[in-house]
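Taken together, the values in this text are just the output of simple stated rules run on the coordinates, not laboratory data. Computed from a predicted structure; not experimentally measured. Note: ideal-geometry Cβ built from the backbone for every residue, glycine included; neighbour counts use all protein chains shown.
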Amino acid sequence: MVVEGRKDGRTERRTVEVDERCDTPPVAVPPDPIGRVVATERLPASPHEFHFWTEVETPIGIGAIVRVEGRARTVYAVVVDAKAYSDLADPLHEVRVAAGIPGEHVAPTHRTEIRLWTAAVLRQVPQEPLQPVPLAEVFLASEQDVQVALRMESYVQVAEPTGIPIGLYATGGVSAPVYLDANFLLGPESAHLNISGVSGLATKTSAVEFLLKSVFTHFPHSKGRIAAVCFNVKGPDLCFLDQPGDLTPEDLEMYARLDIEPTPFDNVHYFAPFKADGININTLRSHADLIGSVQPLVWGLREVLDYHEVLLNRDDLDAKAAAFIDFLIDRVVEKEFRDEWGTTHRVRTFSELERLFRAIFDGLEASGRGDTWRTHHIATIRKIRNRLLNISTRCKGLVTDDGTSEDLPFGTFEDRSLYVIDVSGMDQLAQDLVFTRVVSKLREHLERRDLGVDHVIVFADELNKYAPEDGPDTYVRKMLLDISERGRYLGLVLFGAQQFRSQVHRRVVGNASTTMFGRMDMDELATPGYQVLSRATKIKLATLPKGEMMLRHPHFTQPVFLRFPRPPVMTGPAGVAAYPPATDVPFDEAVMRQLVALDRRVSPNSVAEIIADRREDDVRRALLATRRARPDDVLAYFRTALGPRVSHAPTAPAAAGTTPLQSVEDPYAR
Amino acid sequence: MTSAVMGETVVEARRRLREALLEAGGVVGDGKSAAAASPPLQTPFGIAEPVEGREVTAVAVGAPLRESRDAAFADGIQRYIVEGRIGVTPIIRAYVGAAVLDRRDRGLLPAKHEAEEFIVAPLERLTDATVAKLHETGLPVHDCGVAEREHPILDVQLAVQQIEQRRRRAEVSVVAAFRREFPDAWIVVDGSLRAYDEEARESRLLGVIKSHETQFLAGVDLETALTLPEAHRTTVFRRVGGREDAIHSWYLRLWDWVGQDILFGLVRVERQRGPQVLDEIEEICSWLLAERSPMSTPDTRWDRLLYPIHEVENYLKARAGSWW
């Protein structure tokens, strides 16, 4: 097939041979051996490691997969270390013959030198009895060899394959697709993926975007429906997953070999909270052409109170405080609650909660009944009041004061769809709340089997921050630990990424069955977690180019280096350049734009006329209702949701001694 | 006397001796102690007469050749084990090997190789049945002759002479085989050209001798030869005696010997007589000087052992493996 790509602004075409995955005959490999196993008493060949020499000029390098052909035993191995040396006894001898001047004298004979490679065994055939590697010829692995070496035939060359392409192994002119086993990536056997690498060079986000595309393409339908929830925690990284990206012919060639369409995700749902003004959406995907596809994420008192542990620190949440909050949840919120002073409260919003608190304080003061209300000390009540009401300030934009909420479509998740929650512009506290609540809801629905899909991948970057190895035991960290340890039974899978794996909680990274490493920092590689890697492998990791990763997977007994193409989606910086974020606009203008984004027929003038002199909270509520309903006639629906215009004439205060009317500030209650 | 005082006295005595040597116009040696006397030399003296001038003199050699010369290098190895004895008669199993490594573009590649494993014994002292048993082993059986009486050491020495002969024969054979294939190639062999027939020596064949068991010069000529400064050669002389008349030779000092033994860095070069000897001697000496690099360390003979010859030895040892 002919593929087309763009590179440096030019369009390139290339003819690609499309392989039919595992049925493809192996790529022709030169039959000549490239080396021979050597073993001495000091460097013996063992069942798990051996050494071999090659010519000085050889196609192999660190990470190459080789095959040793013994008489009755074939061994597959990956090269993990290399040495070169000559018969020079002492460097001073070279100095002496060159009279101390490099280049002064070139020896008439090249010294005998050796390329001595160390390889770690991936697989032996037959597996039993396990024996030392035979001292035999070494061959470069063919495509077929790679499949056998990595034990991929057990899940790729079967009637119901569960292979998920992750990239191409490429060494010495041989390239072979590498597959992950869906049963070990997405459960139930094991699950979770963890990616490490330095910022900007490790292409962690790109790798996840490509892998999600691969999962959505190759996850077997027989194993159920799958979706992904991605938290965009910084910049515009995940804001343009539905837009096509620039792909080079090399990328397209890889997509063809991996049997993945190089197209952006076709079913992406974006969610973002409002900014503090409550009308402009807090996302970099705010260009007029894209903002219509971003759903506001708005939560009210109930959504917040259920996850108060996230928002309140340990000092706040002593036993007395927890008891009072539980009282509020059980007896007060969204219930008819009659206080001792005869007032009936129905608390649904932070405003109504504040009125309850005020009534308690005023009632206690007026009655002179001391410092306790329903066994709760007034100091505890004051503390909880301060903390809870502060939340609506710190999480302004996400948490509303008026009781409305706009949430992810829990229960109607769609198969092979992406749900991106942009929390990049939010306060850390609000990010924690969003993460915890969304994951908890996913877990609840997966337990009840009513989410709409059977498997959910949760992608969270910056695990250093959310699940640190040390530091306070936060609710978010507990949540991540819970996913890591029990998520696979539910179909809840964590794709986590971080710069420093050593700084992430060991149970979070330890439970990830599949691990990828991009370009790594040498300091990080010096930490104990990387002791199992050879020095050469570490150096390769520290110098990995973009688009290359080292992969560990349960089926692979040794790490494998592979290449993957750029994701088929627009990168964050490219997206921001192509779709510059809209600047914040005044309230009226923002309402008009959002309605126009929903329906191009909406006239700005008619919107201005409808919202003139209306309370902003009412307009927000109507706009949210319209966005949620997505009606055919947007303007008519908005007008209906806004309701009739009500006079704002001041209401006469109630006469002394008269019980105030319920919700006197609510004009619609009359 | 304490050991410290004794040590000072020894050092002082040594210093005085070395100063006396220098004052007398001599040079001081490397100061290495000799733990055992060298075995007696078989042929300590030879006869030679000058070819280049009337007496042997030292001639400065030009700078080492900068470019690598394509050439072949030949050497051989031998190993033997006294496997047992019939009475006091030794039965020896031996291995000889010889090879030519061809140097092209500074890289050495094996070109010719021969190896042989065989049995050596004084067959006259063995019964026919014993000899038959030796033949039944499948290994060639060679006679090493007998001394006038049985002697447990002398009999072994005779066998070793036989082994050395077969090693030289192998060396000559691989050189001849290489010569047939590459008639114009330069070949440097380890040791004397004596074993090669005249036809073989006619070509571009050089013998480089590291050991100086046989001295062909005497008196001032000998002193001139053995005290050559670095990068100097002697004038050419001719060996005298039978077929050796056709061999011309000269000494060449590869490394400065001051502070070392007198033979340090000294080689003797042999070439078949002819006008080409003097015509090409400067070029050959520059070439051999260049062969000081790479050094053949850690071999103890590195000062005289050319690296390519060292590599032929290594190649032969590798081919022989752990022959026992």
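Amide H contacts for residue A:282 (H built 1.01 Å from N in the peptide plane; partners 5 or more residues away or on another chain; cut-off under 5 Å): A:274, A:275.
Global dimensions of the range A:382-536 from alpha-carbon coordinates: Rg and Dmax equal 17.9, 61 Å.
Estimate the FRET efficiency between residue B:151 and residue B:127 by the formula 1/(1 + (r/R0)^6), using the beta-carbon distance for r and 25 Å for R0, to the nearest 0.05. The value I calculate is 0.80. Per-residue Karplus couplings for the range A:162-175, computed as 6.51 cos²θ - 1.76 cosθ + 1.60 with θ equal to phi - 60°, are listed in order as 10, x, 10, x, 10, x, 10, 7, 9, 8, x, x, 9, 10 Hz, Gly and Pro entered as x.
For the protein assembly as shown, the share of DSSP beta bridges that are antiparallel, to the nearest 5, is 70%. Listed by number, the DSSP H helices of chain A that run 15 Å or longer by alpha-carbon position along their axis and have mean Kyte hydropathy of at least -1.0 are A:204-218, A:350-367, A:378-394, A:428-448, A:475-490, A:587-598, A:616-629.
How much net charge surrounds residue A:123 when only the other residues with a Cβ under 12 Å from the Cβ of residue A:123 are counted, with Lys and Arg +1 and Asp and Glu -1? Before the final figure, lay out each step's value.
Numbers: positive: A:67, A:73, A:151; negative: A:145, A:153.
Local net charge: +1.
Which order, highest average first, do B:123-129, A:263-269 follow once you tally other Cβ atoms within 10 Å for each residue and take the mean per peptide? Mind showing how you got there, number by number?
Details: B:123-129: 12.9, A:263-269: 16.3.
Most protected by this proxy first, the peptides run A:263-269, B:123-129.
Considering all different alpha carbon pairs of the range A:540-648, the Kirkwood hydrodynamic radius works out to 18.2 Å.
In whole percents, the pair-distance distribution calculated for the range A:302-402 from its alpha-carbon pairs, binned every 5 Å from zero, is 2, 12, 25, 26, 21, 10, 4, 0. Take the Cα radius of gyration of the range B:85-125 and divide it by 2.2 N^0.38 Å, N being the number of residues; the result is 1.96.
Over all pairs of different C-alpha atoms, the range A:585-642 has a mean inverse distance whose reciprocal, the Kirkwood radius, equals 10.9 Å.
Using a simple spin-label model with pseudo-atoms 7 Å out from Cα toward Cβ, residue B:319 and residue B:194 lie 2.5 nm apart.
Multiplying the residue separation of residue A:393 and residue A:327 by 0.36 nm and removing their Cα-Cα distance gives an extension gain of 21.4 nm.
Taking the charge dipole of chain A about its Cα centre, with +1 at Lys and Arg Cβ atoms and -1 at Asp and Glu Cβ atoms, the residue from A:582, A:636, A:100 reaching farthest to the positive side is A:636. If R₀ is 60 angstrom, what is the calculated FRET efficiency for the pair residue B:13 and residue A:546, using the beta carbon separation as r and rounding to 0.05? Once rounded, the FRET efficiency stands at 0.25.
How large is the dipole of the range B:76-182 about the Cα centre if only Lys and Arg carry +1 and Asp and Glu carry -1, each at its Cβ, rounded to the nearest 20 debye? Intermediate results must be reported in sequence, preceding the final value.
On the way: 16 positive and 16 negative charges, 105 e Å.
Once rounded to the nearest 20, the dipole reads 500 debye.
Note on the range A:30-79: Cα-only Rg and Dmax are 11.1, 32 Å. Rg over Rh for the range B:210-254 works out to 0.97, both radii taken from alpha-carbon positions and Rh defined as the Kirkwood radius.
In peptide B:290-302, how many Cβ atoms from other protein chains are near each Cβ within 10 Å, on average? Present the calculation step by step, with values, prior to reporting the outcome.
Working: counts 6, 3, 5, 11, 12, 11, 3, 7, 5, 2, 0, 0, 2.
Per residue, the average neighbour count from other chains is 5.
Extents of the range A:169-230, taken as max minus min of Cα coordinates on every principal axis and listed largest first, are 37, 30, 20 Å. Projecting label points 7 angstrom from Cα along Cα→Cβ for residue A:336 and residue A:523 puts them 6.4 nm apart.
Per q in 0.16, 0.24, 0.29 Å⁻¹, report the Debye log10 I(q)/I(0) for the range A:491-556, using one uniform scatterer on each alpha carbon and no solvent. Debye curve over Cα of the range A:491-556, log10 I(q)/I(0) at q = 0.16, 0.24, 0.29 Å⁻¹: -0.56, -1.24, -1.58. Using only the C-alpha atoms, the convex hull of the range B:76-182 corresponds to 109 Å³ per residue.
Compared with the alpha-carbon gap, the fully stretched path from residue A:72 to residue A:84 is longer by 1.3 nm at 0.36 nm per residue. Each principal axis of the range A:30-140 carries a Cα extent, and these read 58, 31, 22 Å when sorted largest first. For chain B, the equivalent ellipsoid built from the Cα gyration tensor has semi-axes of 36, 29, 20 Å, listed from largest to smallest.
Each Lys and Arg adds +1 at its Cβ and each Asp and Glu adds -1 at its Cβ; summed about the Cα centre, the range A:190-316 shows a dipole of about 260 debye.
Using the Cβ atoms and a cut-off under 12 Å, what net charge is assigned to the surroundings of residue A:203, where Lys and Arg are +1 and Asp and Glu are -1? Here the charged neighbours net out to +2.
Using R0 = 56 Å, the C-beta based FRET efficiency linking residue A:584 and residue A:48 works out to 0.35.
Remark on residue A:167: its backbone amide H falls under 5 Å from those of A:178, a criterion applied only to residues 5 or more positions apart or on other chains, H modelled at 1.01 Å from N.
Run the helix sum for the protein assembly as shown: -39,500 (n - 2.57) per DSSP H stretch of 4+ residues, divided by residue count, reported at 222 nm to the nearest 500 deg cm²/dmol.
-9500 deg cm²/dmol
Based on alpha carbons, the Rg and Dmax found for the protein assembly as shown are 45.0, 151 Å. Each 5 Å bin, from zero up to the one with the longest distance, holds this percent of the alpha carbon pairs of the range B:163-203: 6, 22, 37, 24, 9, 2, 0.
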